[in-house]
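Take a look at the structure below.
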Amino acid sequence: MRRVIFLICLVAALATADVPRPARAADLPATATTLDLVRAAAAGDQVFLTQLLLAGADPNVVGTDWRGPLHHAVLLGRLDMATVLVRAGARVDWQDADKVTPLILAAHGNYPEIAEYLILAGADPLIADRWGRRALDYALMRGKNDAVARMLRRAVINRPTHKN
C-alpha cells in the first residue's frame, strides 16, 4: 500500500513540476524552427529570421507553395534579409511551385539592388518560369531602358560558358 501511495505522489509531483521551457524560438532545435523561418521572412522580421538561422534553421526550407525564405525576402524588397539568407546558404536558383526564382521576383518587382546581388551570388538569369518567361522578360515589360532589364542583359551577355 505504501508503494502505491508513493507512486501516486511521485507522479503527481512530476506532473506539477516546473519543467524549464525554451524562452524563445532561437533556443529550440532547428527541426522545430525551420517552418518559422518561412513565416519570419514572409513577415519581414529580420531579427527573428537571424535568430532562427543562428539556432540552425535550414535556409532552404519551403512552405506549402514551395517558396523559400529568400522568395519572401525578395517579394518584400528586403535586400538586408536576402543577404542574410544567401550568406546562410539559401539556394539562389530555387524554383517555387510555378518555377519562379528569386531573381524573377526581383525583376518583376523592380528591385534592381536585389537582382544585382542575386546575380553576383550566382543566380542564373536564363531560368524560365512555368510560363516560359525569364527575369529579363519581366523586366522588359517596363521598357527596354529599365534598369533591371539593362543589368540582366549585361548578366546574360557576360555569363560564363562552361566547356567540358
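The values are calculated or read from the model by the stated rules, or taken from the named source; none is laboratory data. Predicted, not measured: the structure shown is a model, and the values here were computed from it. Methodologically, a virtual Cβ is constructed for each residue, glycine included, from the backbone with ideal geometry; neighbour enumeration extends over all protein chains shown.
Do the conditions hold for Leu49, that is, is it out of contact with any helix residue (DSSP H, G or I) (no Cβ under 7 Å at 6 or more places or on another chain) and aliphatic (A, V, I, L, M)? No, not satisfied. Listed by first and then second residue, the pairs with beta-carbon distance under 6 Å, at least 6 apart or on different chains, first residue in the range 29-54 and under 19 Å from Leu79 (Cβ atoms), second among the aromatic types (Phe, Trp, Tyr) and at pLDDT below 95, are Ala40/Phe48.
Across the range 39-66, the qualifying residues are those that are among the aliphatic types (A, V, I, L, M) and under 11 Å from the mean Cα position of the chain (by Cα), and the one among them that is nearest to Arg87 (Cα to Cα) is Leu53. In this structure, is Arg91 modelled with pLDDT of 95 or more and of a type in the set (Lys, Arg)? Criteria met by Arg91.
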